[in-house]
Amino acid sequence: MIVTYTPGGGAERVIEFKPSDVDVETAELIETHADQGFTQWVQAAMQGRARALRVMLWFMLRQDLPALKFADTPKFRMGEVKIDLDHEELLEAKANIATVQDSTARAKAEALIDASLAKYEGKTLGKES
C-alpha cells in the first residue's frame, strides 16, 4: 500500500506500507489504538475509516519520530491521508478480478485497476506517453 499524507496542502509525505513487514510489538500497539485486530485495521484503513486513518498517520509519522504518542498525532482533514494499492497489489487484484460474481461490479473494478496500473506504467489507457 502507498500511504500519502499532505497536511494542509503542504509538503507531501509518502511511505510504502507492507502489513507483513510490521513487527509484532508495533502491530499490538496498532491494535490497541485502532481498537480492532491488525488485519481488520488494514481493511478499515483501505476503506477510509477515520480512526483507522488516524492510526495509519500515527504509524507513518513514527517512522521519523519514534517517540510520537498516539495522542499527539496531528488533526487532519480526511482528504489529507490517502491510501492506494501499490503496483504488486494492483497486479494481484487484476489476477483475481474473475472471482467477482457481479459483471457490472467486475467491469468497474477492472477499469479502476487498469487506470491505477496505467499510472505505474507511465501512460494513460489508450495513449502511450
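The values are calculated or read from the model by the stated rules, or taken from the named source; none is laboratory data. Since this is a predicted model, take the numbers as computed values, not measurements. Neighbour counts are summed over all protein chains in view; Cβ atoms, including those assigned to glycine, are modelled from backbone coordinates with ideal geometry. Note: areas computed on protein heavy atoms with side chains; ligands, DNA, RNA excluded. Shrake-Rupley method; radii C 1.70, N 1.55, O 1.52, S 1.80 Å.
Helix 103-120 versus the longest principal axis of the chain: what is the Cα-based angle in degrees, 0 to 90, to the nearest 10? Taking the Cα atoms of the chain, the angle to 103-120 is about 70 degrees.
Sequence-ordered 3J(HN,Hα) estimates for segment 6-15 from the Karplus curve with 6.51, -1.76 and 1.60 and θ = phi - 60° stand at 10, x, x, x, x, 5, 6, 10, 10, 10 Hz, glycine and proline given as x. Residues in segment 63-78 carry Karplus couplings, in order, of 4, 9, 10, x, 8, 4, 7, 4, 4, 8, 4, x, 5, 8, 7, 4 Hz; the curve used is 6.51 cos²θ - 1.76 cosθ + 1.60 with θ = phi - 60°, and Gly or Pro positions show x.
Annotation: peptides 37-45, 82-90, 17-25, ranked by per-residue average of other Cβ atoms within 10 Å with the highest first, follow the order 37-45, 82-90, 17-25.
Surface composition of the chain: carbon plus sulfur atoms contribute 52% of the solvent-accessible area (1.4 Å probe, protein chains only, all chains present).
Dividing the Cα radius of gyration of segment 61-123 by 2.2 N^0.38 Å, with N the residue count, gives 1.61. Counted over the chain with a bin width of 5 Å, the fraction of Cα pairs per bin, in whole percents, is 2, 10, 17, 20, 19, 14, 10, 6, 3, 0. Taking all protein chains into account, the per residue accessible area for segment 1-122 stands at 62 Å² (1.4 Å probe).
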